[in-house]
Every structure is written in structure tokens, then in C-alpha cells.
Amino acid sequence: MALRGTGKTTLLCDVIAEIVTERARRIAALDRPVALFEDKITVTGKGFFPLKADVVA
């Protein structure tokens, strides 16, 4: 008899895919998408370009 899952992994994948898709839509709607990478921060000597809160949220 084969056991079937409850769908937790499938649900998690769907939720993550929706978040990624929504972020891509917001980035595509920006007048200047390159502006996302203008605010550099340095952590332990390494430079990072975090996404701006209005795109991530």
C-alpha cells in the first residue's frame, strides 16, 4: 500500500513561486529596474545590494 503525502511540500513550493512571481512583476513595473542595485551596504568587508523594501514587501 502506497502512502500519500498531505501536500505540505507542494503548498510550500506554490507559496514561494507566488512570492518570486510577484517580486518579478514589481521589478518589471519599475521605471528604472537598475535602481534596485544602487544602494550598496557593506557587511564584514563584503558589498551587498539588498532589494528595496517596497519591492520585497
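The values are calculated or read from the model by the stated rules, or taken from the named source; none is laboratory data. Everything numeric here is computed off the predicted structure, so don't read it as measured data. So basically every Cβ, Gly included, is an ideal-geometry build from the backbone, and we count neighbours across all protein chains shown.
Filtering the range 39-57 to residues that are of a type in the set (Val, Ile, Thr) and either in a helix (DSSP H, G or I) or in contact (Cβ under 8 Å) with a residue 40 or more places away in the chain (or both) leaves VAL55, VAL56. In the set ARG26, ARG4, only one residue is in a helix (DSSP H, G or I) and either modelled with pLDDT under 85 or under 16 Å from the mean Cα position of the chain (by Cα) (or both); that residue is ARG26.
Across the range 7-27, the number of residues qualifying as of a type in the set (Lys, Arg) and either farther than 22 Å from VAL55 by Cβ or without any contact (Cβ under 8 Å) to a residue 24 or more places away in the chain (or both) comes to 2. Counting only residues that are out of contact with any Phe, Trp or Tyr (no Cβ under 9 Å at 6 or more places or on another chain), surrounded by fewer than 11 Cβ atoms within 10 Å (Cβ to Cβ) and not hydrophobic (A, V, I, L, M, F, W, C), the range 15-57 holds 10 of them. Would you confirm, using the coordinates I've provided, whether LEU11 is touching a helix residue (DSSP H, G or I) at 6+ places or on another chain (Cβ under 9 Å), on the phi < 0 side of the Ramachandran plot and in a helix (DSSP H, G or I)? Criteria not met by LEU11.
Test LEU36 against the stated conditions and say whether it is in a helix (DSSP H, G or I) and in contact with a helix residue (DSSP H, G or I) (Cβ under 9 Å, 6 or more places away or on another chain). In short, yes.
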